[in-house]
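Okay, so here's the structure we're looking at.
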Amino acid sequence: MGRPFVAAVDGPAGSGKSSICAKAAARLGYAYLSTGVLYRAVGALAHRAGADLNSDAAMARVVEDFSRFFAWDAMQGRISYKGEDISPLLITANAGTYASCAAKLPSVRQLLLPVQRQMIHAAPKGIIVDGRDICTVVFPDADVKIFMTASLEVRAKRRLAQLKKNGMDAGISLEEIIQDIAERDERDSARGEAPMKRAEGSVLFDNSNLSIEEAIAEMVSIIQSCQK
């Protein structure tokens, strides 16, 4: 059997990858995987267990344990760990920071690489995968590569809206979120292991001035144009 059709999407935090890609995948009848969820998961689980988020060895143990006991529903996009739905851990205000700490460690990225590829190949038809290094490292042979972005202010406003929706915005200002996202951009782009960058030959998709519906439609159009 051949592998599924793969649409790889990279881009910075808050660029709309998760919301746009998930809904575009649903319209296409594809599975959807946000690899950032894996980094959020291991980061949050490490924090909960009291592991040192900056220790390569400690985080490697967390990832090895997670890889053995996690389960993923390809079409529903749900991740559980030892039978526990860990979704609440992944949407907290600090989850992104934990993920960024985990993602900068070489052992974490190397250990999660085969996990991500296995999940991609498990998709029954096609899959949209988003992250920071999907086009460049995880799946460079993707059928279509997209670099999704938006202005820093737009991305911060989206993040604040998400936190408000989840009731987690208490005491957090837009300025603080702008600073946090800018720092994450710097960490993601400057890290020595698989830094975030636009892949050669990828489609640049700036959705700063698009509504969510317009962005979803554009994403579907880009993918369908590569299926012909």
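The values are calculated or read from the model by the stated rules, or taken from the named source; none is laboratory data. What you see is a predicted model, and the numbers here were worked out from it, not measured in a lab. All Cβ positions, glycine included, derive from the backbone under ideal geometry; neighbour counts span all protein chains shown.
Quick notes on this structure:
- In the condition set (1) over 22 Å from Arg184 (Cα atoms); (2) under 12 Å from the mean Cα position of the chain (by Cα); (3) surrounded by 20 or more Cβ atoms within 10 Å (Cβ to Cβ), Ala24 is compliant with all but (2).
- For the range 96-145, the candidate set comprises residues that are basic (Lys, Arg) and touching a residue at least 40 places away in the same chain (Cβ under 8 Å); within that set, the residue that is nearest to His47 (Cα to Cα) is Lys104.
- Scanning the range 78-90 for residues that are among the aliphatic types (A, V, I, L, M) and either loosely packed, with under 13 Cβ neighbours inside 10 Å or assigned to a helix (DSSP H, G or I) (or both) gives Leu89, Leu90.
- Of Ala93, Ala51, all but one fail to be in a loop (DSSP other than H, G, I, E, B), among the hydrophobic types (A, V, I, L, M, F, W, C) and over 17 Å from the mean Cα position of the chain (by Cα); the exception is Ala51.
- Within the range 106-159, being assigned to a helix (DSSP H, G or I) and small (Gly, Ala, Ser) holds for Ser107, Ala156.
- Filtered residue count, the range 199-215, keeping only those that are touching a Gly at 6+ places or on another chain (Cβ under 9 Å), assigned to a loop (DSSP other than H, G, I, E, B) and touching a residue at least 40 places away in the same chain (Cβ under 8 Å): 1
- Boolean, Ala8 is in a helix (DSSP H, G or I), touching a residue at least 24 places away in the same chain (Cβ under 8 Å), among the small types (Gly, Ala, Ser) and farther than 15 Å from Arg184 by Cβ: no
- Matching option when the condition is of a type outside the set (Lys, Arg), surrounded by fewer than 12 Cβ atoms within 10 Å (Cβ to Cβ) and within 25 Å of Ala215 (Cα to Cα), among Ala161, Ala182: Ala161
- Which listed residue, of Val129, Val42, Val115, is surrounded by 13 or more Cβ atoms within 10 Å (Cβ to Cβ), over 24 Å from Val144 (Cα atoms), modelled with pLDDT of 90 or more and among the β-branched types (Val, Ile, Thr): Val42
- Residue ID - farthest from Cys21 (Cα to Cα), chosen from residues in the range 143-187 that are touching a Leu at 6+ places or on another chain (Cβ under 6 Å) and either modelled with pLDDT under 90 or not hydrophobic (A, V, I, L, M, F, W, C) (or both): Asp169
- Qualifying residue in the range 197-209 (condition: of a type outside the set (Asp, Glu) and within 13 Å of Lys17 (Cβ to Cβ)): yes
- Filter result for Asp180 (among the charged types (D, E, K, R) and in a helix (DSSP H, G or I)): yes
- Ala26 vs. criteria in contact (Cβ under 8 Å) with a residue 40 or more places away in the chain, of a type in the set (Gly, Ala, Ser), farther than 17 Å from Met119 by Cβ and out of contact with any strand residue (DSSP E or B) (no Cβ under 6 Å at 6 or more places or on another chain): no
- Residues that are in contact (Cβ under 8 Å) with a residue 24 or more places away in the chain and under 12 Å from Val37 (Cα atoms) within the range 71-83 comprise Trp72, Gly77, Ile79, listed in sequence order.
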